[in-house]
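Working notes for the structure below.
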Amino acid sequence: MDLQDDPLIALLLIFELIQLLLFWFFIRHRYGLSLRQLKRLTEQLASGHRPKSYYINGPPLVGEVTQNLEKVGTRLEDIQRQQQEEDFNLNVLLANMVEGVMVVDQRHMVRLVNDELLNLFSLKQSPLGRTVLESLREARVEMIVRDTILSGQSQQREVTLESTAVAMRHFVISAVPIRAKDNEIRGAVIVFHDITRLKQLEVVRQEFVANVSHELRTPLAIFRGYLETFADNPGLTREETKPMIEAMRRHSNRLNALVEDLLSLTRLEAKQVQADYSTIRLDAFFRQLVRDWEKRTDAGAVTFELHMPESLPPLEVDTLRFEQVMLNLLENAVAYSNPPRRIVLTASVEDNQMEIRVADNGVGIPPGDLPHIFVRFYRVDKGRSRASGGTGLGLAIVKQIIQAHKGTVHAESEVGKGTTIVIRLPLTQEC
């Protein structure tokens, strides 16, 4: 039957076609919108952002997919949060370590370092992504890393490195292999423990023992020699024994002074001296100091000059310790001055600090010795200082007392013309 012969059938077919088209548009619109929403949802998850909502208006299948995506998103958030906490804990741990830390992979490429390692080696650029040898330029460190990774065993060695921020540093380097779950070596963790200060203290201790032994050797040898003389010659007259007894008394006094100075210096360095501050007028203090000194010297042997303005403000010091400082400086100035001895004491205020100068007209100090004169037992003229009865600790004690007053002390000198010790002290002490 021809459609042209039956208009009703033609209309029915057209109606059914229209229904099919409408259904197709409906399905396309509904699923197309759901798919576009699903696409935006996955893009947000892929970029690491949490979607505001996982709900998508669509057929049940789309709803099931979005529910699974929400579970995946929640799991990712938990993993990210855990990772952030672990990164934070690791960064805090590394940042607060006093040791330098480096993590390398099996190819010796640096993967992680802390700030302390950058400071120890004065690295101007990040070593990440570079080899240990390229970063530190130290073959001994490279050998430790190599041995650790190849052997799979922890290594610990004491090395001295020169390519650090200072001229030379001593380290104990510990390296531990990093193992994967399958026990394969994936790299190593290297820890640099700086023992430079311990080495320096050991040198100081050895020097101290050597210096004390040297200072004790001469008087003890004299005591022993004279005692043997007395034992072998019991019939010596008073006139014959008098010089020997005087020599023994002189060296006994020097030993006693050495012990007292050692105890004083030890207490000062250990901060075991309790300061008793009081306010003094420096001009009156100096005049009394000179009067007391003149009583212990021959008249006219030393000339003292005082130079200070009348408007000089008062100074807050521990009077007993400050007097010890000035007596030590005067003793040094007199011992190293050339006749006629002339000592000049000067005081003035500079930059809200009291500046005190003690100048002599002595032999002066060579430039090479000048930085070391405040080190204990350091002597510029060893024979002359021992002959004067000095212990070699006077200036070291001066430095400790002045530093305890939050001040500074240094020396200025010209060979053949004399030396000036310069002290700077705050006018008041903050307790």
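The values are calculated or read from the model by the stated rules, or taken from the named source; none is laboratory data. None of the values given here were measured: they were computed from a predicted structure. Ideal geometry is used to build each Cβ from the backbone, glycine not excepted, and the neighbour counts take in all protein chains shown. To get the accessible areas, we keep the full protein, side chains included, count just its heavy atoms, and leave off ligands, DNA and RNA. Shrake-Rupley method; radii C 1.70, N 1.55, O 1.52, S 1.80 Å.
Quick notes
- Scanning the range 175-183 turns up no residue that is over 24 Å from Val98 (Cα atoms) and either in contact (Cβ under 8 Å) with a residue 40 or more places away in the chain or within 20 Å of the chain's Cα centre (by Cα) (or both).
- Filtering the range 319-359 to residues that are among the acidic types (Asp, Glu) and touching a residue at least 24 places away in the same chain (Cβ under 8 Å) leaves Glu323, Glu331, Glu350, Glu355.
- Filtering the range 198-241 to residues that are surrounded by 10 or more Cβ atoms within 10 Å (Cβ to Cβ), basic (Lys, Arg) and over 26 Å from Val259 (Cβ atoms) leaves only Lys199.
- Ala333 meets each of the listed conditions (1) open to solvent by 40 Å² or more (accessible area, probe 1.4 Å); (2) out of contact with any helix residue (DSSP H, G or I) (no Cβ under 8 Å at 6 or more places or on another chain); (3) not in a loop (DSSP other than H, G, I, E, B) apart from (1).
- Subset tally (residues that are part of a loop (DSSP other than H, G, I, E, B) and either touching a residue at least 60 places away in the same chain (Cβ under 8 Å) or closer than 17 Å to Arg357 by Cα (or both)) for the range 276-295: 1
- Given (1) at pLDDT below 90; (2) under 18 Å from Leu427 (Cα atoms); (3) open to solvent by less than 70 Å² (accessible area, probe 1.4 Å), number of the condition Ala301 does not satisfy: (2)
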